[in-house]
Amino acid sequence: MKTRVCIIGGGPSGLLLSQLLDRRGIASVVLERQSRDYVLGRIRAGVLEQGFARLLREAGCGARMDREGEVHDGFTIAHDGRLSRIDLARHAGGQGVVIYGQTELTRDLYEARDRMGGTVIHDVEDVQPLGLTTPTPHVTFRKGDEITRIDCDFIVGADGFHGVSRRAIPKDILVEHERIYPFGWLGVLSRTPPVAPELIYARHPRGFALCSLRSQVLSRYYIQVPLSDRVEDWSDAAFWAELKRRLPEEVAAKLQTGPAIEKSIAPLRSFVAEPMRHGSLFLAGDAAHIVPPTGARGLNSAGSDIHYLYHALCDHYEKADDAGLANYSARALARVWKAQRFSWWMTTLLHDFPDASSYERRLQETELDYLLGSDSARAALAENYTGLPY
Ligand code: RFL
Ligand code: PHB
């Protein structure tokens with residue numbers, strides 16, 4: 001097989017890039033290890049910044065998001081039994097965020113690839129990006145008993161944190177930065193009306209909790225749990241009881257509970273691999289960087305990578321201008337690190353750190369006190385939460 005851009009990974013990053021490129025007449029092939037149903041069964045992000053929403057519209061995939069997604073102009077921080085609203089629209093130049101599930105936008109992207117006759121090959125194994133610093137970059141993969149080679153100009157590693165692409169960069173070139181947090185998030189999706197119209201991030205001595213939603217009939221809740229907990233240990237009843245304990249009484253009283261449609265534990269991690277380019281290979285999204293979900297930055301950071309890479313590839317093919325490709329890693333990383341800083345800050349502000357000293361606990365309380373008492377600190381939060389410009 002032959003194509004211009006071979007994309008490893010059929011998650012939101014890979015699908016979005018292939019869809020954007022196709023609209024400019026640039027051919028690509030997407031290789032995905034899992035089946036489509038498996039990819040669409042994963043429950044992940046729910047908050048999109050306006051930049052990501054614009055990119056989806058540019059890809060011709062924004063219609064359902066614009067119809068069914070909700071624009072939120074603020075969210076609430078709950079602490080010490082009180083509720084403080086962060087007015088995103090007021091602080092961030094009228095910009096809110098869009099509530100639209102990653103599952104839904106991935107479905108929209110798959111449908112758009114189908115409509116345009118895009119090539120997405122599922123259930124591939126042993127994917128190998130090869131010849132990265134030679135004139136003949138190529139990818140080999142196995143499907144069943146058959147081994148296929150795809151010759152291409154560029155390879156994009158959009159295969160998530162556990163993918164193969166990052167590992168194809170030699171160890172003496174790739175630098176990895178990592179922070180592992182001593183807790184995870186236990187998440188529950190339930191077919192119940194959300195407890196409040198906007199998101200509530202709750203700080204509590206028993207641990208962090210988040211009330212989120214996918215729609216007015218579908219809620220998503222999370223609680224901080226120790227890394228040693230297993231999802232089987234948490235009955236639905238135990239989850240709802242623990243969530244209620246961590247919310248102010250007036251909120252807990254309104255919580256409608258129901259059976260969990262999905263329940264899973266995600267460990268919290270900060271991770272950046274740099275550079276994001278090696279020869280013909282370009283990393284994008286979770287393949288290069290991970291954030292703890294507290295600031296809702298993960299998918300949005302993947303979106304800014306795709307924006308830079310898409311424009312760089314267009315400049316290469318349409319104008320023979322390679323400046324965007326040469327600068328891709330540096331430009332993407334500059335924004336990625338700001339998302340890292342913000343996600344680390346918001347995680348540190350709102351979680352219970354089991355080993356924190358009394359000094360660290362008092363500092364954490366003071367940070368929250370300062371944030372809620374300062375208009376400029378709230379504005380900085382809103383600016384980062386709604387997405388820095390790209
Ligand atoms: P993905 O989604 O992991 O997709 C990578 C795809 O590559 C495939 N793959 C391979 N394919 C071929 N060969 C191989 N060897 C392969 N290895 C892997 C995988 O099967 C997969 O389909 O990465 P991508 O596309 O970069 O997208 C990133 C986002 O998924 C991620 O950043 C977000 O979900 C993070 N995130 C959130 N981000 C936000 O912006 N806002 C949020 O509100 C938000 N909430 C969350 C989140 C992530 C969470 N979890 C579970 C980690 C909430 C949670 C709980
Ligand atoms: C979600 O709805 O899944 C969600 C929302 C906000 C976050 C993280 C996850 O910060």
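The values are calculated or read from the model by the stated rules, or taken from the named source; none is laboratory data. Quick caveat: nothing in here was measured; it's all calculated off a predicted structure. So basically every Cβ, Gly included, is an ideal-geometry build from the backbone, and we count neighbours across all protein chains shown. Ligands, DNA and RNA are excluded from the accessible area calculation, which covers all protein heavy atoms including side chains. Shrake-Rupley method; radii C 1.70, N 1.55, O 1.52, S 1.80 Å.
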Q | Proximal lysines relative to LYS254, as straight alpha-carbon distance under 24 Å, when same-chain residues fewer than 8 apart are discounted | A | LYS244, LYS263
**Q.** By average C-beta atoms within 10 angstrom, highest first, the peptides 377-384, 281-288
**A.** 281-288, 377-384
**Q.** Inter-label distance for TRP337 and ASP145, nm, one decimal - labels placed 7 Å from Cα along Cα-to-Cβ
**A.** 5.2 nm
Q. How would you order 303-310, 273-280 from highest to lowest mean count of nearby Cβ atoms within 10 Å?
A. 303-310, 273-280
Q) Could you give the length gained on full extension between ASP123 and ARG23, defined as 0.36 nm per residue of separation minus the Cα-Cα distance, in nm? A) 33.4 nm
Q.
Please list 3J(HN,Hα) in residue order for the range 62-78, calculated via the Karplus relation 6.51 cos²θ - 1.76 cosθ + 1.60 where θ = phi - 60°; whole Hz, with x for glycine and proline.
A. x, 4, 5, 4, 5, 7, 9, x, 10, 8, 10, 8, x, 8, 10, 9, 9
Q: Determine which lysines satisfy two conditions relative to LYS143: a Cα distance under 30 Å, and not lying fewer than 8 residues away in the same chain.
A: LYS2, LYS171
Q: Would you give the gap between the C-alpha center of the range 326-390 and the C-alpha center of the range 198-228, rounded to a whole Å?
A: 18 Å
Q) What are the semi-axes of the equivalent ellipsoid of the chain, taken as the square roots of 5 times the eigenvalues of the Cα gyration tensor, listed largest first and rounded to whole Å? A) 37, 22, 21
Q | Accessible area, probe 1.4 Å, largest first, for residues VAL291, VAL156 | A | VAL291, VAL156
**Q.** Segment SER235-LEU372, extension gain: residue separation times 0.36 nm, minus the distance between their alpha carbons
**A.** 45.8 nm
Q) Suppose R0 equals 45 Å; then what is the FRET efficiency for GLU58 and ARG206 from their Cβ-Cβ distance, rounded to the nearest 0.05? A) 0.55
(Q) Please report the accessible area of ARG57 (heavy atoms, 1.4 Å probe, ligands and nucleic acids excluded) in Å², nearest 10. (A) 100 Å²
Q. When the accessible area of the chain is split by element with a 1.4 Å probe, what percent falls to carbon and sulfur?
A. 50 percent
**Q.** Point-to-point label distance, ASP322-ARG85, nm (Cα→Cβ direction, 7 Å offset)
**A.** 5.4 nm
Q.
Applying a 10 Å radius around every beta-carbon, put 247-257, 13-23 in order of their mean neighbour count, most first.
A. 13-23, 247-257
Q: For the range 134-237, would you read off the P(r) tail past 24 Å as a percentage of all alpha carbon pairs?
A: 55 percent
